[in-house]
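Nothing in this text is a laboratory measurement; each read-out follows from the coordinates by a stated rule. Note that the structure is a prediction, hence the values are computed from the model and not measured. No Cβ is skipped: glycine too gets one built from the backbone with ideal geometry, and neighbour counts run over all protein chains shown.
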Amino acid sequence: MKPIEIKKGIYWIGVLHPDLRLFDVLFPTEHGTTYNSYLVKGEKTAVIDTAKGRFYEQFLSNVKSLVDPKDIDYIVCNHMEPDHSGSLAAFLKEAKNAQVVVSRTGEHYVSNILNADVSPLKMGDGDLLDLGGKTLRFIFAPFLHWPDTMFTYAVEDQVLFPCDVFGSHFCDEQMFNDLVGDFSHDFEFYYRGIMGPFKDKMLQALDKIKDLEIEIIGPSHGPILRSDPWKYVNQYIEWSTPSPTEAKKALIFYASAHGNTEMMAEEMAKGASIDGVEVEVFDLTETDPGEVLDRIEVAHALIVGSPTINGDAVKPVWDLLSSLATIRMKGKVGAAFGSYGWSGEAVGMIEDRLQSLKFKVPEPGLRFALVPTAEELESCREFGAKIAEGL
């Protein structure tokens, strides 16, 4: 696909990846993605980000259709994630006169990407780079979603290049948000999965851009936002702002092969249902973890139950636990329970995973052999009550 002029002297020079179906080995991408790179041309020329390594030739072709790479003065790396820096080493061989521009924390990552000693131009928060007729301003936005992330703002043209922020895994060669189809689901899914764990950092970064004049947002993935760009900023503000809640929330997730772990879950829910605590119970064989991440994010306690089968917790439980990596869990209370036949390893495995995610696990997990007795079910109620009372 050929370059697209998005403003006078500013071009999209990225590449399309329409057949991508899994990003970063984690996120399903039903509509593929794009690796957006930009070229800003004043008296001097800057390229903002490169492309994933396997698409280098396409990226280079786009650059050469506009300028001789030897005439490029700067290569701005808004962050060093390989989907945007994967072509950097090869491109530097063509752009022999270009200086790499990174945030102050980006130098370490440049060295590790290039496996070479480099001396990039390090930009601080608010620093300016004069291209002659065009000025780039740099805005430090750490942990969105890499430690070295910064935004680049083309001052005279009022174009914001916010790295992965405001991105979508959505591939359409028309590129502009007013021309492509409905990508609202992809936009929100991207936020939830990639930016969601960093809501406090997001609000800090958005506060830095609140007074900017922004006509166009050029993210690193997905459509360029030229129609009502502040709509997308305001959505991020809404999603990142904590919702006030009075009641504590405890969620109980379980999978049950023969109904025994389910019985334990039901009794725990009874015990946890005290004044000031809302309890919800989910059968993981009927629950898509992706559909309940919002509930988990605002919950105060997560209680997870699994039978032990072949010395392990069952797959629906692991699917839930693996999905939690996209949510900040530090400080939440976690607990584990389950029925077993003869070995009972699942409960300990769940506890280990919860602790690795920074849950507080105040009570040893509860496990019973096969069908729980009346006394054991009473223990489940007491277990649920202890968790709830500690919130």
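Only bridges with both residues in the chain count here: give the DSSP antiparallel percent, nearest 5.
Values: 28 of 63 bridges.
Looking only at bridges with both residues in the chain, the antiparallel portion is about 45 percent.
Whole-Hz Karplus values for segment 279-289 come out as 10, 10, 10, 10, 7, 5, 6, 10, 10, 8, x Hz, taken residue by residue from phi with 6.51 cos²θ - 1.76 cosθ + 1.60 and θ = phi - 60°; glycine and proline positions read x. The amide H of residue 313, built 1.01 Å from its N in the peptide plane, has no neighbour under 5 Å, considering only residues 5 or more places off or on other chains. Charging the Cβ of each Asp and Glu at -1 and of each Lys and Arg at +1, and nothing else, the dipole of segment 224-286 about its Cα centre rounds to 400 debye. Placing unit charges on the Cβ atoms of the charged side chains and taking the dipole of segment 249-386 about its Cα centre, the candidate lying farthest along the positive direction among 287, 318, 373 is 318. Amide H to amide H, with H built 1.01 Å from N, residue 281 comes under 5 Å of 252, counting only residues 5 or more places away or on other chains. Taking GluC sites (Glu not before Pro) across segment 182-283, the ones in a DSSP loop with at most 11 further Cβ atoms lying within 10 angstrom of their Cβ are 213, 246. Given +1 at the Cβ of Lys and Arg, -1 at the Cβ of Asp and Glu and no other charges, the dipole of segment 283-391 around its Cα centre is 480 debye to the nearest 20. Taken as Cα centroids, segment 67-127 and segment 142-219 sit 21 Å apart, rounded to the nearest whole angstrom. Using +1 at the Cβ of each Lys and Arg and -1 at the Cβ of each Asp and Glu in the chain, identify which of 300, 179, 88 lies farthest towards the dipole's positive end. Selected residue: 88.
Between residue 328 and residue 203, the modelled label-to-label distance comes to 0.9 nm, taking each label 7 Å out from Cα in the direction of the beta carbon. Seen through its C-alpha gyration tensor, with square-root eigenvalues sorted a ≥ b ≥ c, the chain comes out prolate because a/c lies at 1.5 or above while a/b is bigger than b/c. From the alpha carbon centroid of segment 1-42 to that of segment 282-327 is 34 Å. Dipole size of the chain about its Cα centre, with +1 on Lys/Arg Cβ and -1 on Asp/Glu Cβ: approximately 1160 debye, rounded to the nearest 20. Our helix-only sum for the chain, with -39,500 (n - 2.57) per DSSP H run of n ≥ 4 divided by its residues, gives a mean residue ellipticity at 222 nm of -9000 deg cm²/dmol. Listed by chain and number, the lysines whose alpha-carbon sits under 24 Å from that of residue 248, ignoring those within fewer than 8 places in the same chain, are 199, 270, 330, 332, 358, 360, 386. Across segment 34-40, computed HN-Hα scalar couplings (Karplus, 6.51 cos²θ - 1.76 cosθ + 1.60, θ = phi - 60°) run 10, 10, 7, 10, 9, 10, 10 Hz from first to last residue, x flagging Gly and Pro.
Positive end of the dipole of the chain (Cβ unit charges, origin at the Cα centre): among 232, 244, 269, the Cα lying farthest that way belongs to 232. Amide H to amide H, with H built 1.01 Å from N, residue 76 comes under 5 Å of 47, 48, 49, 101, counting only residues 5 or more places away or on other chains.
Computed from label points 7 Å out along Cα-Cβ, the spacing between residue 135 and residue 234 is 2.9 nm.
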